[in-house]
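I have placed the structure first, in the form of structure tokens, so that the comments after it can refer back to it.
The values are calculated or read from the model by the stated rules, or taken from the named source; none is laboratory data. No experiment lies behind these values; they were computed from the predicted model shown. Neighbour counts run over all protein chains shown; Cβ positions are idealised from the backbone, glycine included.
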Amino acid sequence: MKVVVLGSGAVGAYYGGQLARVGHAVTCFARGANLAAIQERGLEIRTPEGTFQARVTATDRAEALGPADFAILAVKSYSLAQIAAIVQRCAGHGTTVVPLLNGVETVERLAGFGVPAAAVIGGLTTISVVRIAPGVVERRSPFQVVVVGELNGQASERVDRIVEAFRSAGVEARASDRIELELWQKFVFLAALAAACGLARTSVGPLRADPLGRRLLQRAVEEIVAVARARGIGLPANEVARVMGLIDGLPPGMKPSFLMDLDAGGPTELDILSGAVSRFAEQAGIATPVHDTAAAALARRD
């Protein structure tokens, strides 16, 4: 299949490299040193199972991105506006857009930038991968999961073909007939962990070992679950316990990517995490003090 990667950082480069390794024609949109490295050496993909080089096409010219079967959209949420015109261009060629961004507002945001809803399917990934250097990424988790699905819950040939492409590359991929629900389930886990660890400025282990820290985590989870249900998302009755179980299973030293971005002093995804929870809560007329506090206290104001 022909695949375009929009956002050749950690996640995009990793999946692009895996797809290229098994023969899919991959074009990465990249800039600067990352572009130069990929054009010169291809992508270097490091995994717990070994390291390999993947040859891909790389460009920083939107006009060089021709029609493709699908495009992996893997930028950080705060960079979406910068690449939206290129996403729109790809969609205009008939390319299916597969967003692998955090948050639950990506489809609406893309529509606001003029990307037709019919070109976009729902997508999420569960993986721990970091960019070590330009053109070099490393997967640090034993898992690499991709879930995709039509936003209306219907089965489709394009979803099946995308799932099969990821599976051919060794990825644990599956189709979902309830992708909106699954996006919210990931959001509950991710946004709660980001808010609690961000406020405490610590990895998850010390936080959950402290009674007040654990209370903070649970309240952060409970607030998002309440917001989701107020918006008509049919989360299971045991969702709070399920998410707390996931948090309990994390390695003690695990830091959410939000905290790493916060510590680095650069842009963060606060607006689409706790910021979104607070906005949704205000619309629903419910209280979310943990996420209100996180949104206010952790915002950059320089």
Of the listed residues (PHE143, PHE187), the one being assigned to a helix (DSSP H, G or I) and on the phi < 0 side of the Ramachandran plot is PHE187
Of LEU190, LEU199, the only residue that is over 18 Å from the mean Cα position of the chain (by Cα) and hydrophobic (A, V, I, L, M, F, W, C) is LEU199
When VAL115 is run through (1) part of a loop (DSSP other than H, G, I, E, B); (2) under 19 Å from TYR14 (Cα atoms), the failure sits at (2)
Flagged in the range 146-182 as without any contact (Cβ under 8 Å) to a residue 40 or more places away in the chain and of a type in the set (Lys, Arg), in numbering order, are ARG167, ARG174, ARG178
In the range 99-150, anything of a type in the set (Gly, Ala, Ser) and farther than 17 Å from VAL4 by Cβ is listed as GLY103, ALA111, GLY112, GLY114, ALA117, ALA118, GLY122, SER128, ALA133, GLY135, SER141, GLY149
For the range 246-261, does any single residue satisfy the condition of being outside any loop (DSSP other than H, G, I, E, B) and either touching a strand residue (DSSP E or B) at 6+ places or on another chain (Cβ under 8 Å) or more than 24 Å from GLU105 (Cβ to Cβ) (or both)? yes
- Message: Whether any residue in the range 49-65 is in contact with a strand residue (DSSP E or B) (Cβ under 6 Å, 6 or more places away or on another chain), buried (at least 23 other Cβ atoms within 10 Å of the Cβ) and within 21 Å of ALA119 (Cβ to Cβ) is what I want to check.
- Response: no
Subset of the range 175-187, residues under 13 Å from the mean Cα position of the chain (by Cα) and surrounded by fewer than 20 Cβ atoms within 10 Å (Cβ to Cβ), comes to GLU182, LYS186
If you go through VAL11, VAL3, VAL26, the only one that is on the phi < 0 side of the Ramachandran plot, under 17 Å from the mean Cα position of the chain (by Cα) and surrounded by 22 or more Cβ atoms within 10 Å (Cβ to Cβ) is VAL11
Exactly one of VAL159, VAL204, VAL146, VAL137 is surrounded by 22 or more Cβ atoms within 10 Å (Cβ to Cβ), within 21 Å of THR95 (Cα to Cα), touching a helix residue (DSSP H, G or I) at 6+ places or on another chain (Cβ under 7 Å) and at pLDDT 95 or above, and that residue is VAL146
Within the range 141-180, residues being within 25 Å of GLY50 (Cα to Cα), in contact with a Leu (Cβ under 9 Å, 6 or more places away or on another chain) and not hydroxyl-bearing (Ser, Thr, Tyr) number 7
Of the candidates LEU151, LEU110, the one satisfying the condition of being of a type outside the set (Asp, Glu) and either assigned by TED's automatic domain parsing to the domain that holds ILE247 or closer than 26 Å to GLU223 by Cα (or both) is LEU151
Selection from the range 24-43 of residues of a type outside the set (A, V, I, L, M), out of contact with any Ser or Thr (no Cβ under 7 Å at 6 or more places or on another chain), in contact (Cβ under 8 Å) with a residue 40 or more places away in the chain and not in a helix (DSSP H, G or I) yields HIS24, GLY42
The number of residues in the range 234-259 that are among the β-branched types (Val, Ile, Thr) and out of contact with any Phe, Trp or Tyr (no Cβ under 6 Å at 6 or more places or on another chain) is 2
The one condition ALA230 fails out of (1) more than 20 Å from the chain's Cα centre (by Cα); (2) among the aliphatic types (A, V, I, L, M); (3) loosely packed, with under 14 Cβ neighbours inside 10 Å is (3)
Of the listed residues (GLY23, GLY9), the one being out of contact with any strand residue (DSSP E or B) (no Cβ under 6 Å at 6 or more places or on another chain), in the same structural domain as PHE143 (by TED's automatic domain parsing) and either modelled with pLDDT under 95 or more than 21 Å from PHE143 (Cβ to Cβ) (or both) is GLY23
